[in-house]
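Here is the structure we will look at.
The values are calculated or read from the model by the stated rules, or taken from the named source; none is laboratory data. Keep in mind it's a predicted model, so treat the numbers as computed, not measured. Counting neighbours? That spans all protein chains shown, and the Cβs are built from the backbone with ideal geometry, glycine included.
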């Protein structure tokens, strides 16, 4: 009796898992050009631009490059949640919507998170080895942020 019940339960779970593969969260597949205003306004050097593209923009913009395993439920929901949280904290695709004060603050946070090695998340770098930042890359990001923030400090004073 218990053996039959377990078989039925196992079959039901398998059916639910198979059916779940046909459903998934909405993808973050906006236009990659939404990142351009951020890049133009903050003017990162080419090496930093490449770091941002490989380590930041998947979770912090309206355009995500999805890995093959995003097609597997429930992994796709887990990834969607990471992207939603990342964009909620800082979304470079909405850069033009931020005030100068907020831009300055977001850049300051970016440098702090990278310097303290809180970003990129270990769960991201585990599957994206190219996103795991070296100390040299961290230093380049911090130097770029400090340079970019000068503009916003000046703009805040002028207001």
Condition first: within 19 Å of residue 30 (Cβ to Cβ), in contact with a helix residue (DSSP H, G or I) (Cβ under 8 Å, 6 or more places away or on another chain) and either surrounded by 15 or more Cβ atoms within 10 Å (Cβ to Cβ) or modelled with pLDDT under 95 (or both). Can you find one or more residues in the stretch 71-79 that meet it?
yes
Being modelled with pLDDT of 95 or more, over 23 Å from residue 79 (Cβ atoms) and over 18 Å from the mean Cα position of the chain (by Cα) is true for just one of 112, 136. Which residue is that?
136
